[in-house]
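> Take a look at the following structure, please.
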Amino acid sequence: MESPDSSEYDVENEFQKIVSPLLQHSRISYFCFVRRYKDNSRVCLSTHRHWNRAYISEKLFIFDIFEKEECFLNNDYMLWDTLEKNKVYELAKSDFDIIHHLTMVEKRLEFTDFFHFGSNIKENIVQNSEYLKNIDVLTLFTQYFKDSISSILPAVERLQIEKHHATSCLNSDNEDLLLNDFSLLVDAIPINRYYFMLDNKQIYLSKREFECVKWLVRGKSATEIAKILSISQKTVQKHIENVKNKMNCYKQSTLIYKLLSENYFSSLLF
């Protein structure tokens, strides 16, 4: 039987593998994923062990805008520098050298996901303008992350919620980062599914389905899409029909409208 320590070690290792494209191909040196459930329990995975321990032990979540249910954003993002001075963010900067955060929020019926990105004040700092210019890239990463984390999330919930009552975080310290450009991150993310909400239900598009509708939204015909993707026109039409069925659309015009109405999803289409 696998020991708890071994299980936690395996989860941390897998988490580190999942976030490695982000850390190796951008100047982002801090990433934290928090899923907060309706009962106020939470799971947390982070690249910064010491900061998250302080966050829990000092009960900083009491002062954190993202921990206040009335302040939950709905599928949006926020730059920490635009918030009023706050004990949480001041401490992150003064004691842990974490600066220039951006938080992306996805609210669902049973939980809310928070994706926190940041940089280290002692290294190459990611400026706010860079975050804003690369929202689509970070959105792509969150899609990839959600798909990849699904295999270890049950273990994380078991370790954190059942054993620790949501008061601890699994973390991996990150060192020797390769500080490259955001443009390299797009090619480094091995995304296979694109998740989004439709009528309060989470659905996903496969990588090929997404590629087909991406070009469809850009005005390409099935024949043109087939040529671009090096597949048959029949296959393109089949993928588009699959997406129409998933999104409860009978007309192509309705499909395009729905795709563009999904904020997180539409940012990836152009």
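Coordinate-derived values only; no laboratory data. None of the values given here were measured: they were computed from a predicted structure. Here the Cβ is made from the backbone with ideal geometry for all residues, glycine too, and neighbour counts use every protein chain on show.
> Let me check I have the definition right: for segment 194-266, take the eigenvalues of the Cα gyration tensor, multiply each by 5, take square roots. What are those semi-axes in whole Å, largest first? It would help to have the intermediate numbers written out before the result.
Details: eigenvalues 82, 27, 25 Å².
Equivalent-ellipsoid dimensions as semi-axes: 20, 12, 11 Å.
> For the pairs K201/K251; K220/K251; K107/K214; K133/K258; K207/K251; K133/K227, note any where the Cα-Cα span goes beyond 26 Å. If you can, show how the numbers build up before the last one.
Working: K201/K251 21 Å; K220/K251 16 Å; K107/K214 24 Å; K133/K258 24 Å; K207/K251 22 Å; K133/K227 30 Å.
Too far apart for the 26 Å limit: K133/K227.
> If you average the sequence gap of Cα pairs under 8 Å that are 6 or more apart and divide by the length of segment 194-266, what percent do you get for the contact order? If you can, show how the numbers build up before the last one.
Working: 56 pairs, mean separation 20.6, N = 73.
So the answer I get is 28 percent.
> May I ask you to sort Y194, Y77, Y257 by Cβ crowding, counting other Cβ atoms within 10 Å and putting the fewest first?
Working: Y194 25, Y77 20, Y257 12.
Least to most surrounded, the residues fall as Y257, Y77, Y194.
> Charges at C-beta only: +1 for Lys and Arg, -1 for Asp and Glu. How large is the resulting dipole of segment 186-243 about its Cα centre, in Debye rounded to 20?
Details: 10 positive and 6 negative charges, 21 e Å.
With only Lys, Arg, Asp and Glu charged at Cβ, the dipole is about 100 debye.
> In which sequence would R218, R27 go, from the one with the fewest C-beta neighbours within 10 Å to the one with the most? Walk me through the numbers before you get to the answer.
On the way: R218 12, R27 20.
Placing the least packed residue first, the sequence is R218, R27.
> Further, regarding this structure: How far apart, in nm, are the 7 Å Cα→Cβ label points at D95 and R208?
About 5.2 nm separates the two model spin labels.
> Where does each of I152, I189 land when they are ranked from fewest to most other beta-carbon atoms within 10 angstrom?
Working: I152 20, I189 17.
The order, fewest Cβ neighbours first, is I189, I152.
> What nm distance separates the two modelled labels at I256 and K87, each placed 7 Å from Cα along Cα→Cβ?
Distance between the two pseudo-spin positions: 5.3 nm.
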